[in-house]
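The values are calculated or read from the model by the stated rules, or taken from the named source; none is laboratory data. Everything numeric in this text was worked out from a predicted model, so none of it was measured. Don't worry about glycine lacking a Cβ; one is built from the backbone with ideal geometry, like all the others, and counts go over all protein chains shown. All accessible areas refer to the heavy atoms of the entire protein, side chains included, with ligands and DNA or RNA removed. Shrake-Rupley method; radii C 1.70, N 1.55, O 1.52, S 1.80 Å.
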Amino acid sequence: MKFDPFPGPWQAHVARAVEDVAVERVAAIREAVGPRIDLLIEVHRRLAPAHAIRVAHRIAAFDPFWFEEPTPAENLDATRDVRDKIDIPVVAGEALYTKSEFREVFEKQAADVINPDVCNVGGILELKEIAAMAEPYCVAVAPHGNNSTTVGLAASLQVGACIPNFLIMEYPLDWEPVANEIAISPFKVENGHIALPTAPGLGIDLNEEALARYPYRGPRQRTLRQPSEESP
């Protein structure tokens, strides 16, 4: 179970009350799900090291599986500082896009786990090469999923099947309604696992008629109203 326990607004330096809310949420979820469910704590690259370290120490009692991107992606020295001072595995890489950027993660020993997104880093081969770079540093790979959707999931499965340091795969549940509509034979999650596809290529075919109902919209696209006759 992966979640961000921090309330808004997103700030690098937060009040102690904000830290308290985050800790209370982690504690409440741990109590609700029991000890056998892994809790993956997401921070979304927003905290200064002092706050990230303090919160990590406070939630350690609830046995988190990892502490994801506690500090800004462009400041790997800060991420390494957090990793050096806490006992929870640290994740980095969702907002990194090239082998050169990941090389710095490994050389600085800034992360225990990386979470590159196959749709951001340049595809299957590039993700596989990043994973190979991580292996001698004993860094695990957990492919990111939020940007990948159905085809990206298929690509990530192919990489995960052939790298020795694959850990887990992110799978947002809000994928499923659209995936079930646009994929001819959508992947099914059973007991936390997806069976490797045996069909050619990525192992998935798309219903192009259904896909046409979801045209690409860029992050900055919006509908503009035509000016009225009364407009100056």
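Measuring between their Cα centroids, region 88-116 and region 27-87 lie 15 Å from each other.
Return an integer: the convex hull volume of the alpha-carbon atoms of region 66-149, in Å³ per residue.
Values: hull volume 6.6 nm³, N = 84.
About 78 Å³ per residue, rounded to a whole number.
Helical runs assigned H by DSSP (4 residues or longer) give the chain a calculated mean residue ellipticity at 222 nm of -11000 deg cm²/dmol, each run adding -39500 (n - 2.57) before division by the residue total. Near His44: Cβ cut-off under 10 Å, other residues only, Lys/Arg at +1 and Asp/Glu at -1. The net charge is -3. Of [x] 59, 40, 40; [y] 45, 37, 36; [z] 61, 52, 40, which one was derived for Cα extents along the principal axes in Å from the structure shown? The value computed from this structure is option [z]. Of the peptides 57-67, 109-119, 37-47, the ranking by mean beta-carbon count within 10 Å, highest at the top, reads 109-119, 37-47, 57-67. Counting only the Cα atoms, region 1-87 fills a convex hull of 79 Å³ per residue.
Tally Lys/Arg at +1 and Asp/Glu at -1 over every other residue whose Cβ is under 15 Å from the Cβ of Met169; what's the total? If you can, show how the numbers build up before the last one.
Details: positive: Lys2, Lys128, Lys188; negative: Asp38, Glu68, Glu94, Asp117, Glu170, Glu176, Glu190.
So the environment of Met169 carries a net charge of -4.
What separates the Cα centres of region 1-18 and region 197-215 is a distance of 38 Å.
Within the chain, the selection of entire DSSP H helices by a Cα span of 18 Å or greater along the long axis and an average Kyte-Doolittle value of at least -1.0 returns 16-33. Taking Ala154, Ala199, Ala92 in turn, the Gaussian network model of the chain (Cα-Cα springs below 10 Å) assigns the largest fluctuation to Ala199.
Taking a Cβ cut-off of under 13 Å around Glu19, the surrounding Lys, Arg, Asp and Glu residues balance to a net charge of +3, with basic ones at +1 and acidic ones at -1. Give the calculated FRET efficiency between Glu208 and Asp174 to the nearest 0.05, with a Förster radius of 22 Å applied to their Cβ-Cβ distance. So the FRET efficiency works out to roughly 0.50.
So how strong a dipole does the chain carry about its Cα centre when Lys and Arg Cβ are +1 and Asp and Glu Cβ are -1, to the nearest 20 debye? Walk me through the intermediate numbers first.
Details: 22 positive and 34 negative charges, 58 e Å.
Result for the chain is approximately 280 debye, rounded to the nearest 20.
Heavy atoms only, probe 1.4 Å: what % of the accessible area of the chain goes to carbon and sulfur, would you let me know?
Carbon plus sulfur share of accessible area: 52 percent.
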